[in-house]
Amino acid sequence: QNPKTYATVKQLVADGNAGELQKYFGSRMEFGTAGLRAAMGAGISHMNDLTIIQTTQGFCRYLEKNFSDLKKRGVVIGFDARAHLTSGGSSKRFARLAANTFISQGVPVYLFSDITPTPFVPYTVTHLKLCAGIMITASHNPKQDNGYKVYWENGAQIISPHDKGISQAIEENQEPWPQAWDDKLIDSSLLLHDPYAMVNKEYFKDIQKQCFHRNINKETNLKFVHTSVHGVGHKFVQLAFKAFDLSPPFAVPEQKDPDPEFPTVKYPNPEEGKGVLTLSFALAEKDGAKIILANDPDADRLAVAEKQESGEWKVFSGNELGALLGWWIFTCWKNNNRGACAIKDVYMLSSTVSSKILRAIALKEGFHFEETLTGFKWMGNRAKQLMDQGKAVLFAFEEAIGYMCCPAVLDKDGVSAAVITAEMASFLATRNLSLSQQLKAVYDEYGFHITKASYFICHDPKVIQQLFDNLRNFDGKNTYPKSCGRFKVSGIRDLTTGYDSSQPDQKAILPTSKSSQMITFTFANGGVATMRTSGTEPKIKYYSELCAPP
């Protein structure tokens, strides 16, 4: 019933454009553990009013099956500032349609009245003990995309088998229910609640538990620049600085207000480094700021850059910032927990493609380190398991600039990470140390970890399949490469097939998934290299690391 998508399809039929219609209606978007992520537009392969209604109907039925008290507890729904003029789709409209679906079935909905960072949704699930959460966002994807991200009652993103169960329920509930299109109905419903004010108070109260140097924060002369890259982060990072008694960061004026066109950047992804930070560098030079903090558009990730003695700017990789935050959060914990008995209950996590620097710190300091599969869904779920056993999970990170610094959010959170980084930098400044110098000190103490990671774009799944098949059948069937250049391969772990040459039974310990590609090579010189496919973008990603002893 959306006049814009309806008109698009009608026109394609009139033009007899079978090719485009095949693209729009050939296959339904796949609902995976990351939920949905696709371009906004007409047809079942895109994000639009109809596919949002169908997805939410399936999710609602799946939740009814899993929670007898769904109508008592309810769900939370948040949204970012994305919008697509040609199809009439927007994150806010999708969020309202989703809310309408639940309310029509008597389920209470906590719908944020305004844009929020993604981490506020898992925070609300945990804080209000809800059954589930939905965030409408495509994070740092190109402007035409949107997404539907789902959290379970434990406050972490869903993992299998929930994705399959939801997917099946969507298939079974495709015809829109009566009044599915009429989102105005929710405005007069007693089942609609707005958590915005409460979460804005409670979240900033909770992250203050990670504030350890209020006096230094009040006095510091260090200046910061912040950019929200046309996304939602501006207001919330300003509030976080206030909560930590830090002077507010200078906001990049051209990028501080939400704009679904992302006019000043090619990709709204701070992971892309200097290209996204051009305006931030200029503002920092003008205002004499030493440190730049950049959030992605839904504010769940953080990139950091620092001006060096040479006048050059250094953009820290996700692994380097992970090393700094891991060192800092452990140091703060140690200074506030003198008893040695407690350290045996302390944990840090990172994903298997991230730097092993936390493992090195854990070995020397005596706490536990665990690695998980790639993605915060695994770290969030594992963190919750550990916390339920009475353990303290201080920190988790992945190299794709995602950091979980605060146990109140079991997902990556760019807001708390930004303000904790600012406090760390302010503290180091009182010791006349820069972030770069401290990073070197961490490597001197725990061993140098050098990483290189990047990606290739590939839109053809057949080509991707063949590339990985070639690696698995390198010298005849089921043989992998024995060397790469002059470097000998000493071990192979294939998490697509479940093979691990280093295990006595040759079976991998981490969960395997046939639907995604992932092979890790260990080299005789201690180097490790992994290749994998992305779950949300048409990318083949690679990650490599060499770890030296201290």
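The values are calculated or read from the model by the stated rules, or taken from the named source; none is laboratory data. Source: prediction; values computed, not measured. Ideal geometry is used to build each Cβ from the backbone, glycine not excepted, and the neighbour counts take in all protein chains shown. With ligands, DNA and RNA removed, areas are computed over all heavy atoms of the protein, side chains included. Shrake-Rupley method; radii C 1.70, N 1.55, O 1.52, S 1.80 Å.
Values as computed for the structure displayed
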| item | result |
| --- | --- |
| Value of relative contact order over the chain, rounded to a whole percent, pairs C-alpha under 8 Å and six or more apart | 11 percent |
| For the stretch 472-550, the spread of Cα positions along each principal axis, largest first, Å | 35, 28, 25 |
| Peptide ranges 351-361, 222-232 listed from the most packed, as the mean C-beta count within 10 angstrom indicates | 222-232, 351-361 |
| Debye equation applied to the C-alpha atoms of the stretch 238-338, log10 I(q)/I(0) at 0.11, 0.16, 0.21, 0.22 Å⁻¹ | -0.39, -0.81, -1.27, -1.35 |
| Listed values (i) 66, 64, 47; (ii) 75, 73, 70; (iii) 170, 54, 29, entry calculated as Cα extents along the principal axes in Å | (i) |
| Calculated P(r) tail over 21 Å for the stretch 3-193, as whole % of Cα pairs | 47 percent |
| Net charge, residue 525 excluded, C-beta distance under 14 Å - Lys, Arg +1, Asp, Glu -1 | +1 |
| Per residue accessible area in Å² of the stretch 222-339, where ligands, DNA and RNA are left out and the probe is 1.4 Å | 38 Å² |
| Positive minus negative residues near residue 313 (Lys, Arg vs Asp, Glu; Cβ under 13 Å) | 0 |
| Share of carbon and sulfur in the accessible heavy-atom surface of the stretch 450-548 [1.4 Å probe, %] | 58 percent |
| Computed accessible area, residue 333, all protein chains, 1.4 angstrom probe, square angstrom | 30 Å² |
| Zone residues, the stretch 397-436, relative to residue 309, backbone N less than 19 Å from point 7 Å out along Cα-to-Cβ | 428-436 |
| Alpha-carbon centroid distance for the pair the stretch 256-283 / the stretch 506-550, whole angstrom | 30 Å |
| Charge tally in the Cβ shell below 13 Å around residue 168, where Lys, Arg are +1 and Asp, Glu are -1, residue 168 excluded | 0 |
| Accessible-area value, residue 262, 1.4 Å probe, nucleic acids and ligands omitted, Å² | 10 Å² |
| Proximal lysines relative to residue 92, as straight alpha-carbon distance under 20 Å, when same-chain residues fewer than 8 apart are discounted | 4, 143, 149, 184, 235, 256 |
| Proximal lysine pairs, the stretch 319-449, alpha carbons under 16 Å, eight or more residues apart or interchain | 9 |
